[in-house]
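The structure under discussion appears below in the form of C-alpha cells.
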Amino acid sequence: SVSAYSIVSTGVPQKGTTKRLDSLYGRPMYSATYREPGKAYLCHVAEANSCSSTRYYELNVSTTSLTIARQATLSCADTLHRWMASICADKNGDIALGYSVSSSAKYPSIYVRDVIAGTESEVKAGTGYQKTYTRWGDYSMMDIDAADDETFWYTNEYYAVSGTNWQTWIAHFKI
C-alpha cells in the first residue's frame, strides 16, 4: 500500500499572468522505468501544502510480488509547484528526477533532483510564461546513457519569452 496523498486539480500558477497550467494530476508521468535486478520507478502529481507536487516510487519487482521500496511527495514548503516529472536510476542505484517548477513569482523552469541525497538543482530558468494554452508539456523525459550507465539525460520545455512558442532544454549530469 502507498502512503496517503491528495490529488491536485487547481492548476499551476505562472509569474506574470493569471493563466494556470494543467498539472495532469493523478496521471502517471512518462513511462515507468525498469532496471535489472527487479527495480521499477514511476511518478505522478499529487498535492503538498496546496501545491502541485511530484510524487515518486521505487518498486521492488519479482515474479511473485510488487512492493514499495521508497515513496515520497516532494515538499512544497517554498510554495513552488513541481510537476511534469520523469524518473530514472543508474547502475549504482542513484535515482534522478526531473520536473517543471513554477509559481506566481517564478516563470516555469526546469529542475532535477538527486532523490537519495534530496538535493535539487535548477538546470534552466524560464524567462517567460505560456500565454494561451493551459496544457503544459507532456515532453519531460529522464533516461540513462547506455554508454556508461551513469550519465542521466533530461529533456523538458520552458519559455524564453512569454507567448506560445516553447523551447526544449536538454541537460546531462551524473550523480
Probe 1.4 Å, all protein chains present, accessible-area order of Ser62, Ser23, Ser104, largest first
Ser104, Ser62, Ser23
For Arg70, Arg27, what's the largest-to-smallest order of accessible area, 1.4 Å probe?
Arg27, Arg70
Result for the stretch 9-63: accessible area per residue, probe 1.4 angstrom, in square angstrom, of 48
D (Stokes-Einstein, µm²/s), Kirkwood Cα radius, the stretch 11-53, 1.567 mPa s at 4 °C:
105
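Please compute the length gained on full extension between Thr119 and Thr155, using 0.36 nm multiplied by the number of residues separating them and subtracting their Cα-Cα distance.
11.1 nm
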Tell me, what is a quarter of the convex hull surface for the C-alpha atoms of the stretch 75-175, in nm² with one decimal?
6.4
Please report, as a whole percent, how much of the solvent-accessible surface of the stretch 1-142 comes from carbon and sulfur atoms (probe radius 1.4 Å).
48
Cα centroids of the stretch 114-175 and the stretch 1-41: how far apart, whole angstrom?
15
Using a Debye calculation, one point per C-alpha and no hydration shell, please list log10 I(q)/I(0) for the stretch 32-95 at q = 0.15, 0.22, 0.29 Å⁻¹ in order.
-0.50, -0.86, -1.17
If N is the number of residues in the chain, what value comes out of its Cα radius of gyration divided by 2.2 N^0.38 Å?
1.01
To the nearest 10 square angstrom, how much accessible area does Tyr5 have with a 1.4 angstrom probe?
90
Per residue value of the accessible surface for the stretch 117-175 (all protein chains in place, 1.4 Å probe), Å²
56
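What is the chain's relative contact order, in percent, from Cα pairs under 8 angstrom and six or more apart in sequence? Kindly include the intermediate steps, with their values, before the conclusion.
Values: 479 pairs, mean separation 32.2, N = 175.
In percent, rounded to a whole number, it is 18.
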Run the simple label-point estimate for Tyr133 and Asn165 please: 7 Å along Cα→C-beta, distance reported in nm.
1.5
Determine which lysines satisfy two conditions relative to Lys174: a Cα distance under 19 Å, and not lying fewer than 8 residues away in the same chain.
Lys91, Lys124
How big is D, in µm² s⁻¹, for the stretch 108-160 by Stokes-Einstein at 37 °C and 0.692 mPa s if Rh is the Kirkwood radius over C-alpha pairs?
256
Sort by residue number and name the cysteines in the chain that have no neighbouring cysteine Cβ under 4.7 Å.
Cys43, Cys88
Heavy atoms of Trp83: accessible area, 1.4 Å probe, square angstrom to 10
0
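The values are calculated or read from the model by the stated rules, or taken from the named source; none is laboratory data. In this text, all values refer to a predicted model and were calculated from it rather than measured experimentally. Heads up, the Cβs are rebuilt from the backbone with ideal geometry, glycines too, and the neighbour counts pull from every protein chain shown. For the accessible areas, the whole protein counts, side chains as well, though only heavy atoms, and no ligand, DNA or RNA atoms are used. Shrake-Rupley method; radii C 1.70, N 1.55, O 1.52, S 1.80 Å.
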